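Here, each number is a calculation from the coordinates, and none is a lab measurement. Keep in mind the model is a prediction, meaning the values are calculated, not measured. Cβ atoms come from the backbone with ideal geometry, glycine included; neighbour counts cover every protein chain shown.
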Amino acid sequence: MLNNQDYPLVCKPIETALHQQIEQEKLLNQVTTQIRQTLELPEILSTAVEQVRKFLQVDRLLIYQFNDSLLLTNNITGVNQERGSVKYEALVSDKISSVLGFSEAENCFFPPNRSIVKYSKSSVHAIADVEIAYSKFPCLLEVMRQHQIKAKLVVPIIVDEKLWGLLIAHQSSERDWQNNEKRFLKEIAEHLAIAIYQAQLYAELQKQKQTLEKRVVERTQDLYDALQSAESANCAKSEFLATMSHELRTPLTCVIGISSTLLQWSYGNRGAKIMPIEKQRTYLQTIHDSGEHLLELINDILDLSQVEAGKTVLKISEFSLSKLSYELWQNFREKAEESEVKLIFEQNVNPDLDRFTADQRRVKQILFNLLSNAIKFTPRGGNVRLKVMRDRNTAVFQVEDTGMGISEEQKPLLFKKFQQLDSPYNRQQGGTGLGLALTKQLVELHSGIIEVESTVNIGSTFTVKLPAKPLKLANEKLKQKGESASNILSLQGTVVLIEQEEEIATIICDILTAAGLKVVWIIEGSTAVEQIILLQPVAVILDMQLPGIDGIDIIQQLSTTSSTKNIKILALTTVNTEINWEYYYTAGVDECLTKPINLEYLLSKMIALIT
């Protein structure tokens, strides 16, 4: 039996334990409330570290965060996995050294031999005396001594089944950690894990929100651009109709009016005066010139539409640069003299380089348009100069004039369709504004460039540079190769090509199409597998260096799908090593080719794969 004097001795520990339990519950409630009230993770963690340190009465409490959260598997072993740093810290006083920012990469912070596995599997790791626990790890023990750590308590912070970090308590003296302290620190770690998970979800939500907002902005911009384009097209259409109405009506009025006059004179009353021969000739010449002008307008429209539709094919032939330019100069001399403009011809072409390979008619058309404009817009008494130059790689044509010049504001409109630069002199001359637009298209069709330098009231210089190499288009070359291949074997079936580079894709499509195959070109690798399952091709040509998705991922998806696992795969790679090729073959590739691609070799590989 206990007497009344013994009751205080018995109740005191119970009272102390209850008080600690109440304080512990109060602190847990504070942490939980803070987590509910804010999603600012740094604020939650820093406040929790300070409050928990005070409650446990430890010298240092810190949160060590791994650079990458680690899955809780037995594979967490490598030293390279144990990387992170101290992100949050609370100290009892300035006498305790700070370890904020301390990183495992700088020193041995954890004992070796699968320490992370130990931390992840054990809910609480308590050490009463590091001198005993780490006696076999002198490097780690030295770190403990350096930072005044005699005892420590470590609890893992596990977020979404991943080891996110560690909650660590340090004591500068030996300490036997109590069960309620261990349990409390574990509960705090669990609550912090909830806060971290909520913050991650919130960050992901914000990211998705920003992505959605960005897409909305992009879509709005696309719609705005489409609206602007439609308005611009409608405006261009109106300008075109107005311009063409005027340009076509003028010569037609002359043709109809003068021909009507001629008819009245021819079939007039018997006593009517006969029209003089010279006047008849003048009328007929006007009709003829008006008809040629109409034909020129119609030809420009047709030529431009053919080029823009991609239906224009260059007829490559060899011709003399000097002869072509001299004939143009001779043809324009009379027109220049009528306009009282001096036409000068300069040629700097080595006889050995005089022969040039291009579409002669189109080159003549380019120079014709430039000379016509130069003479047309040069005032009386001015000069127009045609220069022809040639080096081993480039043919250069220059047309200089001393005309009105072009302002910087008007230069962007220079090569636009149906655009005439806004000046009184231009309006006097008329025109549809198709000439320079067509000229630029023809130059680019030759893989060349056209440049202009101009100063208002001084003049303009148009420079055309055309490649001097044989200008057989890649498509024509491929067509010839494809035709020769198809003579050997006519292939059948569908091939899916996954390639982002347009030039390479065009070459492959052309030669395989010429050989009889149907080619479906896919740019985005992310949608390739779905398309392949739908199309069921006989083979897939796959660029292994696609942006955003690994070619190996596509191969693995195809190999695990019953309807596509037997499809032949030809890999394109920029790496030509046996190691990489062996890796690709192991992954399921049937053939490999290295860029740049040999077209004949590509065709032979495809024949071997699908026949």
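Report the label-to-label distance for LEU295 and GLN531 in nanometres (one decimal), using points 7 Å from each Cα along the Cα→Cβ vector.
Result for the modelled spin labels: 4.7 nm.
Past the 26 Å Cα-Cα mark, which pairs from LYS87/LYS186; LYS568/LYS595; LYS26/LYS182; LYS150/LYS182; LYS26/LYS95? Numbers along the way, then the final one.
Numbers: LYS87/LYS186 19 Å; LYS568/LYS595 19 Å; LYS26/LYS182 17 Å; LYS150/LYS182 17 Å; LYS26/LYS95 29 Å.
Beyond 26 Å: LYS26/LYS95.
Just in the stretch 530-611: which trypsin sites (Lys or Arg not before Pro) are loop by DSSP and have at most 14 other Cβ atoms within 10 Å? Write down the numbers at each step before the final one.
On the way: sites: LYS565, LYS568, LYS605; in loops: LYS565.
Answer by residue number: LYS565.
Given charges of +1 on the Cβ of Lys and Arg and -1 on the Cβ of Asp and Glu, with all other atoms neutral, how large is the dipole of the stretch 317-467 about its Cα centre, in debye to the nearest 20? Intermediate values should be presented prior to the final figure.
Numbers: 20 positive and 19 negative charges, 60 e Å.
I would put it at about 280 debye.
Give the peptides 49-56, 383-390 in descending order of average Cβ contacts within 10 Å, highest first. Write down the numbers at each step before the final one.
Details: 49-56: 18.5, 383-390: 20.0.
The most tightly packed comes first, giving 383-390, 49-56.
How much length is gained if the chain between LYS595 and GLN556 is pulled fully straight, taking 0.36 nm per residue apart and subtracting their Cα-Cα distance, in nm to one decimal?
On the way: separation 39, 0.36 × 39 = 14.04 nm, distance 2.28 nm.
Additional length available on full extension: 11.8 nm.
Between GLU40 and GLU451, take the C-beta separation as r, use R0 = 60 Å, and let me know the FRET efficiency to the nearest 0.05.
Working: r = 58 Å, r/R0 = 0.96.
Efficiency computed from Cβ-Cβ geometry: 0.55.
Note down the nm distance, to one decimal, between modelled labels 7 Å out along Cα→Cβ at ILE458 and at GLN210.
Label at ILE458, label at GLN210, 5.0 nm between them.
So if each residue of separation counts as 0.36 nm, and I subtract the Cα-Cα distance between SER229 and GLU346, what length gain in nm does that give? Mind showing how you got there, number by number?
Working: separation 117, 0.36 × 117 = 42.12 nm, distance 4.33 nm.
Net length gain for the segment: 37.8 nm.
Highest mean first, how do 321-329, 494-502, 216-224 rank when packing is the count of other Cβ atoms within 10 Å averaged over residues?
Working: 321-329: 17.1, 494-502: 19.0, 216-224: 10.0.
Descending packing order for the listed peptides: 494-502, 321-329, 216-224.
Under 10 Å from the Cβ of LEU609, count the other residues' Cβ atoms, weight Lys and Arg +1, Asp and Glu -1, and hand me the total. Let's see the in-between values first.
On the way: positive: LYS568, LYS605; negative: ASP590, GLU591.
Net charge in that neighbourhood comes out at 0.
Can you give the extra length, in nm with one decimal, that the chain gains between GLU23 and TYR583 once fully stretched, where that is 0.36 nm per residue apart less the Cα-Cα distance?
Numbers: separation 560, 0.36 × 560 = 201.60 nm, distance 6.12 nm.
Here the segment from GLU23 to TYR583 would lengthen by 195.5 nm.
Placing unit charges on C-beta atoms (Lys and Arg positive, Asp and Glu negative, everything else neutral), compute the dipole magnitude of the stretch 490-531 about its Cα centre in debye, rounded to 20.
Numbers: 1 positive and 7 negative charges, 59 e Å.
Its charge dipole is roughly 280 debye.
Could you list ASP590, ASP401, ASP543 in order of exposure, starting from the residue whose Cβ has the fewest other Cβ atoms within 10 Å?
Ordered by Cβ neighbours within 10 Å, fewest first: ASP590, ASP543, ASP401.
How charged is the neighbourhood of LEU570? Take every other residue with its Cβ under 15 Å from the Cβ of LEU570, and add Lys/Arg as +1 and Asp/Glu as -1.
On the way: positive: LYS568, LYS595, LYS605; negative: GLU499, ASP543, ASP590, GLU591, GLU600.
Net charge in that neighbourhood comes out at -2.
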